[in-house]
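Chemist: Please find one structure pasted underneath; my questions will follow.
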Amino acid sequence: MNVHDFPQLADGKAFTYGADDVARDRAVVSVGISHDTAEFAVESIRRWWHADGAQLYRTATRLLICADGGGSNGSRLRAWKFHLQRFANEIAIPITVCHYPPGTSKWNKIEHRLFSFMSLSWKGQPLRSYEAMINLIRATRTKSGLSVKAILDKNAYQTGVKVDKAEFSDINIRFHATHPSWNYTIKPRAV
């Protein structure tokens, strides 16, 4: 008996990754159809940058990402840092990452400000298609005026991709003095 999910009734699996702009009460959510990988996580941030960030923060000299400690953007993942380096090179802005400590992902504001309200938007609604999911995410609203863009990411992301020592040593990363494994800045390299 299917107790929780009914995959045979759906288009396929979906993975969400959101970028929440707390100051402007706006968010961009990527809905991936492949795999929840570090590359997908960074591509989701890139999509936020192109959809909102670059226009709203034209004079930005740095970017701050507050991220969970595990999952596709985990503090220990070399691939996460590798793809962030590519993104930093692309936008020519240093990226500082501050990870929440392990086991504290529920402290992340995005859980309370975005994902909990997304869940309310689709409460009781069957997520049978990507279009239905995108439309329900876009319909997410809060009393504070949160607006949400949702983008379907049809890219195929490979799992198990390893970043070797040579590739990792090429990352222009500076670990901070306080909790260096959780807090670091990746500066762009000239390309």
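Chemist: Those residues that are among the basic types (Lys, Arg) and within 22 Å of Gly71 (Cβ to Cβ), I need them from segment 150-174; list them, please.
Modeler: Filtering segment 150-174 for residues among the basic types (Lys, Arg) gives 154, 162, 165, 174.
Listed by number, the residues that qualify are Lys154, Lys162.
Chemist: Something else: Restricting the search to segment 94-148, which residues are among the aromatic types (Phe, Trp, Tyr) and either closer than 18 Å to Val31 by Cβ or not in a helix (DSSP H, G or I) (or both)?
Modeler: Of segment 94-148, the ones among the aromatic types (Phe, Trp, Tyr) are 100, 107, 115, 117, 122, 130.
Within segment 94-148, Tyr100, Phe115, Phe117, Trp122, Tyr130 qualify.
Chemist: Next up: Please find, among Gly18, Gly32, Gly12, the residue that is within 16 Å of Ile134 (Cα to Cα) and surrounded by fewer than 16 Cβ atoms within 10 Å (Cβ to Cβ). Outline the logic, then answer.
Modeler: Working: Gly18 fails: surrounded by fewer than 16 Cβ atoms within 10 Å (Cβ to Cβ); Gly32 fails: surrounded by fewer than 16 Cβ atoms within 10 Å (Cβ to Cβ).
After applying the criteria, what remains is Gly12.
Chemist: Being assigned to a helix (DSSP H, G or I) and hydrophobic (A, V, I, L, M, F, W, C) is the filter here; which residues of segment 65-84 pass it? Give the steps one after another, and end with the answer.
Modeler: In the first step, residues of segment 65-84 are kept if they are assigned to a helix (DSSP H, G or I); the result is 71-73, 78-84.
Result: Ala79, Trp80, Phe82, Leu84.
Chemist: Restricting attention to segment 82-99, and to residues there that are of a type outside the set (Val, Ile, Thr) and within 22 Å of Lys109 (Cα to Cα), which single residue is surrounded by the fewest Cβ atoms within 10 Å (Cβ to Cβ)?
Modeler: Cys98
Chemist: With without any contact (Cβ under 8 Å) to a residue 24 or more places away in the chain and under 17 Å from the mean Cα position of the chain (by Cα) as the only criterion, which of Arg113, Arg138, Arg76 stands out?
Modeler: Working: Arg113 fails: without any contact (Cβ under 8 Å) to a residue 24 or more places away in the chain; Arg76 fails: without any contact (Cβ under 8 Å) to a residue 24 or more places away in the chain.
None of the other options fit; the residue is Arg138.
Chemist: Of everything in segment 149-170, what is assigned to a helix (DSSP H, G or I) and among the aliphatic types (A, V, I, L, M)? Give them in sequence order.
Modeler: Here is the first cut: in segment 149-170, the ones assigned to a helix (DSSP H, G or I) are 165-169.
The one that is assigned to a helix (DSSP H, G or I) and among the aliphatic types (A, V, I, L, M): Ala166.
Chemist: Can you find a residue in segment 102-109 that is over 12 Å from the mean Cα position of the chain (by Cα) and closer than 25 Å to Lys165 by Cα?
Modeler: Yes, the conditions are met somewhere in segment 102-109.
Chemist: Please go through segment 175-186 and give me each residue that is under 15 Å from Ile65 (Cβ atoms) and either loosely packed, with under 12 Cβ neighbours inside 10 Å or within 19 Å of the chain's Cα centre (by Cα) (or both), ordered by number.
Modeler: The answer is Trp182, Asn183, Tyr184, Thr185, Ile186.
Chemist: Now for a different question. Tally up the residues in segment 52-64 that are part of a loop (DSSP other than H, G, I, E, B) and under 18 Å from Tyr17 (Cα atoms), please.
Modeler: Residues in segment 52-64 being part of a loop (DSSP other than H, G, I, E, B) and under 18 Å from Tyr17 (Cα atoms): 0 in total.
Chemist: Given the options Arg62, Arg76, name the one that is at pLDDT 95 or above, out of contact with any helix residue (DSSP H, G or I) (no Cβ under 9 Å at 6 or more places or on another chain) and of a type in the set (D, E, K, R). Even if it seems obvious, please write down each step before you answer.
Modeler: Details: Arg76 fails: at pLDDT 95 or above.
Exactly one of Arg62, Arg76 is at pLDDT 95 or above, out of contact with any helix residue (DSSP H, G or I) (no Cβ under 9 Å at 6 or more places or on another chain) and of a type in the set (D, E, K, R), namely Arg62.
Chemist: In this structure, is Leu127 surrounded by 12 or more Cβ atoms within 10 Å (Cβ to Cβ), at pLDDT below 95 and either among the aliphatic types (A, V, I, L, M) or in contact with a Leu (Cβ under 7 Å, 6 or more places away or on another chain) (or both)? First the steps, then the outcome.
Modeler: Working: surrounded by 12 or more Cβ atoms within 10 Å (Cβ to Cβ): yes; at pLDDT below 95: yes; either among the aliphatic types (A, V, I, L, M) or in contact with a Leu (Cβ under 7 Å, 6 or more places away or on another chain) (or both): yes.
It is true that Leu127 is surrounded by 12 or more Cβ atoms within 10 Å (Cβ to Cβ), at pLDDT below 95 and either among the aliphatic types (A, V, I, L, M) or in contact with a Leu (Cβ under 7 Å, 6 or more places away or on another chain) (or both).
Chemist: It is to be established whether one or more residues within segment 102-109 are modelled with pLDDT of 90 or more and surrounded by 17 or more Cβ atoms within 10 Å (Cβ to Cβ). Lay out the reasoning, then the answer.
Modeler: Narrowing segment 102-109 to residues modelled with pLDDT of 90 or more: none.
Looking for residues that are modelled with pLDDT of 90 or more and surrounded by 17 or more Cβ atoms within 10 Å (Cβ to Cβ), one finds none in segment 102-109, hence no.
The values are calculated or read from the model by the stated rules, or taken from the named source; none is laboratory data. Because the structure is predicted, anything quoted here is derived from the model rather than measured. Counting neighbours? That spans all protein chains shown, and the Cβs are built from the backbone with ideal geometry, glycine included.
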